[in-house]
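Structure first, then comments.
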Amino acid sequence: EDKVVQSPLSLVVHEGDTVTLNCSYEVTNFRSLLWYKQEKKAPTFLFMLTSSGIEKKSGRLSSILDKKELFSILNITATQTGDSAVYLCAGAMDSSYKLIFGSGTRLLVRP
Amino acid sequence: ETGVTQSPTHLIKTRGQQVTLRCSSQSGHNTVSWYQQALGQGPQFIFQYYREEENGRGNFPPRFSGLQFPNYSSELNVNALELDDSALYLCASSPGAYNSPLHFGNGTRLTVT
């Protein structure tokens, strides 16, 4: 059965801290790994990773995929209160729009 | 560029009733997917539509059905509502290429009492 597991389930840090969110996956005909940020309702797209070992970066956020170990991490440096959200990881299958989501990591950044 | 819009934002229904949720896809996107997100969980895939045809379905019973219209907007219909159907229903659109990420709407919060 296809599954995506995220850890930790929740995390509380202080502004300025660096956090690492983890995502492991078992997805049939795996094509790519996606990260989304969900603050209130709509998940907003962060990264799509297709190739192993190539880091994607956007400001203070970065992510990398390990296709051998079936694993991805999302790093956030110098966290801000606006980073507080649920971070969702999802596996995409080849020739399909279906995404298999994990349960998310709830991040709370305290001032 | 108009994003994905969903209506209504909130809805309260009674067990056994039927509900229709609506979604307008982002401009230029011809593929629509629907997801159900229970509280504290990640979204679960219901089905997707491409050019008015269903071309993928998750593990949901037949009382969950949908439509896509020529303008690529979509409806999700749920019959014989159950308490466990209470969730956030998310619509997502894509420009039709498998390597493009999905863009989500704000969802419809359905409460079944």
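The values are calculated or read from the model by the stated rules, or taken from the named source; none is laboratory data. What you see is a predicted model, and the numbers here were worked out from it, not measured in a lab. Neighbour counts are summed over all protein chains in view; Cβ atoms, including those assigned to glycine, are modelled from backbone coordinates with ideal geometry.
Looking at B:76, B:88, B:81, just one residue is of a type in the set (A, V, I, L, M), more than 9 Å from every other protein chain (Cβ to nearest Cβ) and out of contact with any Phe, Trp or Tyr (no Cβ under 7 Å at 6 or more places or on another chain), and that residue is B:81. When residues in the stretch B:65-109 are screened for being of a type in the set (A, V, I, L, M, F, W, C), in a loop (DSSP other than H, G, I, E, B) and either in contact (Cβ under 8 Å) with a residue 40 or more places away in the chain or under 19 Å from residue B:38 (Cβ atoms) (or both), 3 of them pass. Counting just the residues of the stretch A:16-34 that are part of a strand (DSSP E or B) and among the polar types (S, T, N, Q), which one comes out surrounded by the most Cβ atoms within 10 Å (Cβ to Cβ)? Among those that are part of a strand (DSSP E or B) and among the polar types (S, T, N, Q), it is A:32.
If a residue must be assigned to a strand (DSSP E or B) and either under 23 Å from residue B:70 (Cβ atoms) or among the hydroxyl-bearing types (Ser, Thr, Tyr) (or both), how many such residues does the stretch B:12-55 contain? Result for the stretch B:12-55: 18.
Listed here are the residues, each with its yes/no results for (1) over 13 Å from the mean Cα position of the chain (by Cα); (2) within 18 Å of residue B:45 (Cβ to Cβ).
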{"residue": "A:7", "(1), (2)": "no, no"}
{"residue": "A:33", "(1), (2)": "no, yes"}
{"residue": "A:37", "(1), (2)": "no, no"}
{"residue": "A:52", "(1), (2)": "yes, no"}
{"residue": "A:57", "(1), (2)": "no, no"}
{"residue": "A:60", "(1), (2)": "yes, no"}
{"residue": "A:82", "(1), (2)": "yes, no"}
{"residue": "A:85", "(1), (2)": "no, no"}
{"residue": "A:88", "(1), (2)": "no, yes"}
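Restricted to the stretch B:20-40, and to residues there that are at pLDDT 95 or above and surrounded by fewer than 18 Cβ atoms within 10 Å (Cβ to Cβ), the residue that is nearest to residue A:3 (Cα to Cα) is B:38. Reported count of residues in the stretch A:6-15, each being within 11 Å of chain B (Cβ to nearest Cβ), loosely packed, with under 13 Cβ neighbours inside 10 Å and assigned to a strand (DSSP E or B), is 1.
Contact map, the stretch A:31-56: residues that are away from chain B (no Cβ under 11 Å) paired with residues that are among the charged types (D, E, K, R) and surrounded by fewer than 17 Cβ atoms within 10 Å (Cβ to Cβ), Cβ distance under 8 Å, separation 6+ or inter-chain. Pairs shown: A:51/A:67; A:52/A:66; A:52/A:67; A:52/A:68; A:53/A:66. If you go through the stretch A:93-111 and keep only what is surrounded by fewer than 16 Cβ atoms within 10 Å (Cβ to Cβ), within 7 Å of chain B (Cβ to nearest Cβ) and part of a strand (DSSP E or B), you end up with nothing.
Checked against (1) out of contact with any helix residue (DSSP H, G or I) (no Cβ under 9 Å at 6 or more places or on another chain); (2) buried (at least 21 other Cβ atoms within 10 Å of the Cβ); (3) over 23 Å from residue A:5 (Cα atoms), residue B:65 passes all but a single condition, namely (2). When B:99, B:106, B:77 are checked against the criterion of being in contact with a Gly (Cβ under 7 Å, 6 or more places away or on another chain) and surrounded by fewer than 21 Cβ atoms within 10 Å (Cβ to Cβ), B:77 stands alone in meeting it.
Looking only at residues in the stretch A:62-79 that are small (Gly, Ala, Ser) and under 10 Å from the mean Cα position of the chain (by Cα), the one that is farthest from the other protein chains (Cβ to nearest Cβ) is A:62.
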